[in-house]
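The values are calculated or read from the model by the stated rules, or taken from the named source; none is laboratory data. These numbers were taken from a predicted model, which means no experiment stands behind them. Cβ placement follows ideal geometry from the backbone for every residue including glycine, while neighbour counts extend to all protein chains displayed.
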Amino acid sequence: MTALTLSTAAAPGLRADAIVIGVAKGANGPAVAPGAEAVDKAYDGRLAGVLETLGASGAEAEVTKLPAPAGFKTPLVVAVGLGAEPEKDSSFGPEALRKAAGAAARALAGSKKAAFALPLGDAADVGAVAEGVLLGAYSFDTYKENNASGPKAKNGKGPLAEAALLGGKPRDAAHKAALARATAVAEELNRARDLINMPPNDLDPEAFAAIVQTAGKEHGLKVQVLDVKALEKGGYGGILGVGAGSAAGPRLVKLSYTSSKAKKHLALVGKGITYDSGGISLKPAGHNETMKCDMSGAAAVFAAVVAAARLGLEVNVTGWLALAENMPSGSATRPGDVLRMYSGKTVEVLNTDAEGRLVLADALWAASAEKPDAIVDVATLTGAMMLALGNRTFGIMANDDAFRTAVYEAAEEVGEPAWPMPLPEHLRKGMDSPTADIANMGERMGGGLVAGLFLREFVGEGITWAHLDIAGPAFNDGGPFGYTPKGGTGSAVRTLVRLAELTASGDLG
């Protein structure tokens, strides 16, 4: 993990491999952003022109490298785009800083130290740049022979080792707090990315549960793991039904953070399908290769609970990780089977590839039994949500309009693209079953909304609930962008942490 420091040092005398500056997209070409005055002065005030000659425009996360000016102890200047130049008396938003810092950090892989001279107007800007650096510098090379810590490390490029945030005040309480928060959140988000990127032969439900137990001991969290025998005794038919076809048995993991000053309790529920073949309703060719990411919701919940503990938030946060591997075999659940869920309700399984809602249903009912003030579930649940919102935006459904709005605003605040979605009552009838209380499939059109309606059936009466369908942004199949890497992204972690903070402060609607 990249080490972060706050520094008031002057840019010319700082020893580093590179100095990162911001450049905006101005009306008349690229414009040097605040924070880079000393660098611009060393170019005789002509830095913007030099950058334009090199093809820089100031577009968001655009990276341009050029030799440092005479007199600097750093050999390289990295100019990174911040997007449109803000209007007079306004500043760049946190997300622009986060993306710029992330793009620069990734471009500096293999470097020992870089100085970031991006615009830092207040503590929020410090936090945004710090978060961007840590998330952008992320890499997952554990399974490569020349990984950064392996025997052939000299042939590989490890992440940027150290970043100094110029303009950050080491003795300022707000700046230090912002740096500490960014570090905790980014480190836990990167933990979630590691889990998502792990191959399923190394991360089955049992292994995932063991990782949670280890983290629980490290951070003083209470961890309870229900194995197959305990799930059978408790009547968790949904989780057992999904995991029935796999040699790796399912688990339900409860991870609890408690604060002596807490007045509220937030429950988080995550879908943790460590590999999803579709079961008997086998996925078609071309849809299996990335299905190790179907536990992204559980990874996000796990990371958020640990982050809440590290931040010492004055709220009780409980994470429920519904872990199973969905495989076809002679013992697998079949289309047409009926499962008796933990709630007592029966479900006719029409499609075994609609398994996430089955494991979540049991976990939601278990979470509801504790009567929390609110429940938020997170899942890579439906391809329909990807069709509706694309690959970078997650959908938000809820049983309370004000709460749905509050979750959406929290996501927007932390820079995670999201969109409020409805739960149309007329779609519920499509899940009526002649055999059971409800079927796990309904109308094809609006499938993401149908899944949300199914989950709502398993939320305790009177409990405020929201559902985040992160199927699109959880795993990035394309090239990296901003602070987002290829592979597991850690989507929803920052939203969940922000919701915990808002719950602690009493500001969550």
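Out of all the residues in segment 106-114, is one or more touching a residue at least 60 places away in the same chain (Cβ under 8 Å) and under 24 Å from the mean Cα position of the chain (by Cα)? Yes, segment 106-114 contains at least one residue that is touching a residue at least 60 places away in the same chain (Cβ under 8 Å) and under 24 Å from the mean Cα position of the chain (by Cα). Among the residues of segment 395-432, those that are in a helix (DSSP H, G or I), crowded, with 19+ Cβ neighbours inside 10 Å and touching a Lys or Arg at 6+ places or on another chain (Cβ under 9 Å) comprise A410, A411, V414.
Here G71 clears all of (1) of a type outside the set (S, T, Y); (2) at pLDDT below 95; (3) under 21 Å from G102 (Cα atoms) except the condition numbered (3). Against the condition of a type in the set (D, E, K, R) and within 28 Å of the chain's Cα centre (by Cα), how does E87 come out, does it pass? No. A search for C-beta distances below 8 Å between a residue of segment 59-73 that is on the phi > 0 side of the Ramachandran plot and any residue that is buried (at least 16 other Cβ atoms within 10 Å of the Cβ) and not in a strand (DSSP E or B), counting only pairs 6+ apart in sequence or on different chains, returns A61/K99; A61/A100; A61/G102; A61/A103; A61/G482; G71/P12; G71/A42. Scanning segment 2-54 for residues that are on the phi > 0 side of the Ramachandran plot, surrounded by fewer than 22 Cβ atoms within 10 Å (Cβ to Cβ) and either in contact (Cβ under 8 Å) with a residue 12 or more places away in the chain or among the small types (G, A, S) (or both) yields a count of 2. When segment 55-74 is limited to residues that are more than 23 Å from S111 (Cα to Cα) and surrounded by fewer than 20 Cβ atoms within 10 Å (Cβ to Cβ), the one that is nearest to the chain's Cα centre (by Cα) turns out to be A59. (1) surrounded by 18 or more Cβ atoms within 10 Å (Cβ to Cβ); (2) charged (D, E, K, R); (3) out of contact with any Leu (no Cβ under 7 Å at 6 or more places or on another chain); (4) within 21 Å of G488 (Cβ to Cβ): which one isn't true of R392, the others all being true? In the conditions (1) surrounded by 18 or more Cβ atoms within 10 Å (Cβ to Cβ); (2) charged (D, E, K, R); (3) out of contact with any Leu (no Cβ under 7 Å at 6 or more places or on another chain); (4) within 21 Å of G488 (Cβ to Cβ), R392 misses (1) alone. A161 - would you say it is in contact (Cβ under 8 Å) with a residue 24 or more places away in the chain, outside the structural domain of S256 (by TED's automatic domain parsing) and surrounded by 21 or more Cβ atoms within 10 Å (Cβ to Cβ)? When the stated conditions are applied, A161 does not pass them.
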